[in-house]
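A short reminder: the numbers here are calculations on the coordinates, not readings from a lab. Being a predicted model, the structure only gives us computed values, none of them experimental. Note that each Cβ is placed from the backbone with ideal geometry, even for glycine, and that neighbours are counted across all protein chains shown.
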Protein chains: 2
Amino acid sequence: MTTDTLAGSRTTTTGPGLGAEMAEIGRRAREAATAFALASPEAKVAALNNAATAIRTRAGEILTANARDLGEAETQGMSAALRDRLALDPKRVEAIAAGLEAIAALPDPVGRVLAEWTRPNGLSIQRVAVPLGVIGIIYESRPNVTADAGGLALKSGNAAILRGGSESYYSSRVLVAALGEGLRAAGLPEAAIQLVPTRDRAAVGLMLAMSGVIDIIVPRGGPSLINRVQRESRIPVIAHLEGLCHTYVDGAADPEKARKIVLNAKMRRVSICGATETLLVDRAALALLPAILADLRAAGCELRSDPEVLAIEPTAVPASEEDWCTEYLDAILAVRIVDGVDGAIEHIARYGSHHTDAIITEDKATAERFVREVDSAIVLVNASTQFADGAEFGMGAEIGISTQRLPPRGPVGAEQLTTYKYVVRGNGQVRP
Amino acid sequence: MTTDTLAGSRTTTTGPGLGAEMAEIGRRAREAATAFALASPEAKVAALNNAATAIRTRAGEILTANARDLGEAETQGMSAALRDRLALDPKRVEAIAAGLEAIAALPDPVGRVLAEWTRPNGLSIQRVAVPLGVIGIIYESRPNVTADAGGLALKSGNAAILRGGSESYYSSRVLVAALGEGLRAAGLPEAAIQLVPTRDRAAVGLMLAMSGVIDIIVPRGGPSLINRVQRESRIPVIAHLEGLCHTYVDGAADPEKARKIVLNAKMRRVSICGATETLLVDRAALALLPAILADLRAAGCELRSDPEVLAIEPTAVPASEEDWCTEYLDAILAVRIVDGVDGAIEHIARYGSHHTDAIITEDKATAERFVREVDSAIVLVNASTQFADGAEFGMGAEIGISTQRLPPRGPVGAEQLTTYKYVVRGNGQVRP
């Protein structure tokens, strides 16, 4: 158990003291959740807009805290790439504030009547959206996740206990203070959004055991975090597992769309879960392959391919079985020739991660077969897999992309952080 | 580990052999699930109607198998009440067949477009209902659950592995054979509905470990089964926990409705999860209490109450703290006086199980407060809590009532056994 002994940290609690502190955070969260579930849409909008203003006002304070995080990260030998994800600048701070305003502008997800019907005996039944309760969000590194997660929880009427990455601890503290300011100014309970006030990793284990206090755990991070949470949690989890995404170029693909989409799907950003990792090419589309691979090579992408492709593209490295199973999150692409849409569906069923897969084709029937038979959270036709993102879906922001089968599946925005109850109205009915 | 050594059983596998057999069942289920997810609505309707016919044709065979189950149950000392739940007669067999036809008549839940919208960049996004995959259903005692569970899985395009109560083993075997006959006659894979062919309890443990093969586990039974499943399962669970249901009689209640509803909510059937266990009475409605309690007493209900009620009803037994926390599932009712709807909401928040709770009032504003603030899967106004049932909701049948927070919450019918995927259609869009 490591102790947070950094000067200026609000707490240095650990061990049994930490347990008591987490219990107190839980108690406050539950209390806030009850009041918060009944908050009016207007109060929540005001809280989000106030929080955005508070973030702009505190921009200097946020950048100072972030500099402290960055300094410690450098001391601890964090790579430049990771430090870049951690770093804030005035533009990124503005984007965080604007992100909260975008969430504020979304329709209120609570109280929606999802379905209603009347029974022959006159009972009227409604399925009505309600908040989940208390959400525990465990995430890594990037400080903007603190604002997104807090903002989405707020919009959906949930209380949140945020356990951010220890690397972004100081930045997150100021961001949560700004959210709290927004809540207070709107007359809502500040305890609705709390940050675990320690970098002690034992806090994660304590959260996972807070069943009856925390209703849902949302982990957002790498496979080791997700696996730990799934293994240890006694609380239901909304999990985001790996994105081993495929783009399939069909024989009936438009050549220009294929070039443009494959390049974007792989290379726009290689480190996100929606990046394509394996390119499947219909044997009937082999003529399109040289141009596609030339674009990728020019963009600095390493190619690993099956023997048939090696004949066309001698710079490629032979692919092994492992390449079909690897989420590179890097400028590397596995390339395989398949026999039509059947071959593509079969490959994806065998190696895919049920996250996001795309087909490029002008043939409607082929597209519909792919859409029906590929069993993934997101299936695209003639578009880049990099659209696998809550904001791109119009959800304002996302807390992750769920790869589990039960809802919520796919991007998790404010609407997906609600559940429902049934309201049955009668006039004296009894069951025969 | 007990071995199924009964003559005529299809298998006597146990230990490592059972492991291999369960793996083979899983392999067949996965294969069937892939084909089954694409089955047409018409084929599924035909399979269900064929199965109903097969059940009628095999009625004699079903009753013979059921007599064998009952004989063994008696030898093993099962109580008469439990044997009654297990027993089939021609009327109950007909009800099972009719139940499958009712499921057949429901709208097909697969392929529904749950939402659709178009993004400014022209991407069209649809959220489309799809089956969950392979469902493992673990249940106790009553053979009709075999038909309901199999029928709902079939309607929702899921493959099912059924692990019925060992008490109903022979009855369930014939029912599953009839379902298989229905599938076969409709050209659908028979392996879509399989019964675990052993009464060895080790099969349950093996199922709970079949992650990657079984997508969702649905336990249906008593607390010890549910708790075991929640503790052991590495697979997501749709769980049905206890129903500690309340009926609150408000000061503005209609006296006749209150009498009729309370009596029905408690006494219609005392052993179901929707039976009221605690009656809360507004201090302003005390005048209604003597008539309500007289009805209950006349129906054979034992009363446990707080001191204020004892003054009105001397036959009542004083209630202890434990009474407010007990799901009696018996002809016993806890009775408490509360201060208005606030007192009722507070009591339910403290002692309830978030299952089903009802208010009896003619005051609309009070009813709406109760509906909003009581955090239960089902909240009723002026109706009996015994309506907490999938068939009563118009779902044809149910596989249970989920008391978890994430969807599905409340009655789980065919529609609730689906999840969704996102289908995104573009014409060459790439992400900027």
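Output ³J(HN,Hα) for the range A:52-60: one whole-Hz value per residue in order, computed from phi by the Karplus curve 6.51 cos²θ - 1.76 cosθ + 1.60 with θ = phi - 60°, and x for Gly and Pro.
Karplus-based 3J(HN,Hα) across the range A:52-60 equals 4, 4, 4, 5, 5, 5, 9, 3, x Hz.
Using a 10 Å cut-off around each Cβ of peptide B:384-391, what is the average number of partner chain Cβ atoms that fall inside?
3
Would you please classify the overall shape of the range B:245-387 from the alpha carbon gyration tensor, given that a ≥ b ≥ c denote the square roots of the eigenvalues, rounded means a/c under 1.5, and beyond that prolate means a/b larger than b/c while oblate covers the rest?
Details: a/c = 1.34, a/b = 1.19, b/c = 1.12.
It is rounded, given that a/c, with a ≥ b ≥ c, falls under 1.5.
Given a Förster radius of 25 Å and the C-beta distance between residue A:121 and residue B:330 as r, what FRET efficiency does 1/(1 + (r/R0)^6) yield to the nearest 0.05? Display every interim value, and only then the final one.
Numbers: r = 27 Å, r/R0 = 1.08.
After rounding, the FRET efficiency stands at 0.40.
Using a Debye calculation, one point per C-alpha and no hydration shell, please list log10 I(q)/I(0) for the range B:126-212 at q = 0.13, 0.20 Å⁻¹ in order.
-0.41, -0.91
State log₁₀ I(q)/I(0) for the range A:15-232 at q = 0.09, 0.10 Å⁻¹ as given by the Debye formula over alpha-carbon point scatterers of equal weight, solvent excluded.
The Debye formula, applied to the Cα set alone, gives -0.37, -0.46.
Starting from 0.36 nm per residue, how many nanometres of slack lie between residue B:209 and residue B:286 once their C-alpha separation is accounted for?
Values: separation 77, 0.36 × 77 = 27.72 nm, distance 5.36 nm.
In short, 22.4 nm is gained.
Using a label point 7 angstrom from Cα along Cα-to-C-beta, what distances in nm, from shortest up, separate residue A:256 from the other copies?
7.6
Given the rule -39500 (n - 2.57) for each run of at least 4 DSSP H residues, summed and divided by the residues of chain A, what is its mean residue ellipticity at 222 nm, to the nearest 500 deg cm²/dmol? Can you show the working numbers first?
Numbers: 15 runs with 180 residues, N = 432.
Here the helix-only value at 222 nm equals -13000 deg cm²/dmol.
Does chain B come out rounded, prolate or oblate, given a ≥ b ≥ c as the square roots of the eigenvalues of its C-alpha gyration tensor, rounded meaning a/c under 1.5 and, failing that, prolate meaning a/b above b/c?
Oblate, since a/c reaches 1.5 and b/c is not below a/b.
Report the residue of chain A with the smallest Cβ-to-axis distance, using the rotation axis that brings A onto B, in whole Å.
A:407, 2
List the distances, in nm to one decimal, from the label point of residue B:209 to the label points of the same position in every other copy, shortest first, placing each label point 7 Å from Cα along the Cα-to-Cβ direction.
Copy-to-copy label distances at residue B:209, shortest first: 2.6 nm.
What is the ratio of the Cα radius of gyration of the range B:318-432 to 2.2 N^0.38 Å, with N the residue count, to two decimals? Walk me through the numbers on the way to the answer.
On the way: Rg = 19.5 Å, N = 115, 2.2 N^0.38 = 13.4 Å.
Rg over 2.2 N^0.38 Å, computed on Cα atoms: 1.46.
Working from the alpha-carbon coordinates of the protein assembly as shown, get Rg over Rh, Rh being the Kirkwood radius.
Working: Rg = 28.8 Å, Rh = 29.1 Å.
Result for the protein assembly as shown is an Rg/Rh of 0.99.
Label the range B:162-320 by shape, choosing from rounded, prolate and oblate, from the square roots a ≥ b ≥ c of the eigenvalues of the Cα gyration tensor; if a/c is under 1.5 it is rounded, and otherwise prolate applies when a/b is larger than b/c, oblate when it is not. Mind showing how you got there, number by number?
Details: a/c = 3.16, a/b = 2.50, b/c = 1.27.
Prolate shape, in that a/c is at least 1.5 and a/b is the bigger ratio.
Counting only DSSP beta bridges with both residues in the protein assembly as shown, tell me the antiparallel percent, nearest 5.
Values: 30 of 118 bridges.
Among the beta bridges of the protein assembly as shown, antiparallel pairing accounts for roughly 25 percent.
Have a look at the DSSP beta bridges in chain A and tell me what percent are antiparallel, nearest 5.
30 percent
Going by C-beta contacts inside 10 Å, put B:393, A:36, B:387 in order with the fewest on the left. Intermediate results must be reported in sequence, preceding the final value.
Working: B:393 22, A:36 29, B:387 26.
Least to most surrounded, the residues fall as B:393, B:387, A:36.
Can you sort B:273, A:301 so the residue with the fewest Cβ neighbours within 10 Å comes first? Present the calculation step by step, with values, prior to reporting the outcome.
Numbers: B:273 23, A:301 19.
Sorted ascending by nearby Cβ count, the order is A:301, B:273.
Could you please rank A:117, B:324, placing first whichever residue has the fewest other Cβ atoms within 10 Å of its Cβ? Kindly include the intermediate steps, with their values, before the conclusion.
Numbers: A:117 11, B:324 20.
Ascending number of Cβ neighbours within 10 Å: A:117, B:324.
For each pair in A:421/B:44; B:91/B:260; B:44/B:421; B:91/B:257; A:257/B:44, compute the distance between the two Cα atoms and list the pairs where it is over 27 Å. Could you put the intermediate results ahead of the total?
Details: A:421/B:44 29 Å; B:91/B:260 29 Å; B:44/B:421 21 Å; B:91/B:257 33 Å; A:257/B:44 39 Å.
Violating the 27 Å limit, Cα to Cα: A:421/B:44; B:91/B:260; B:91/B:257; A:257/B:44.
How large is ³J(HN,Hα), in whole Hz, for each residue of the range B:35-45 in order, when computed from phi with the Karplus curve 6.51 cos²θ - 1.76 cosθ + 1.60 and θ = phi - 60°, using x for Gly and Pro?
Taking θ as phi minus 60°, the curve returns 5, 5, 4, 9, 4, 6, x, 5, 5, 5, 4 Hz for the range B:35-45.
State, to one decimal in nm and shortest first, how far the label point of residue B:90 sits from each corresponding label point in the other identical copies (label point: 7 angstrom along Cα-to-Cβ).
With the label placed 7 Å along Cα→Cβ, residue B:90 yields 8.9 nm.
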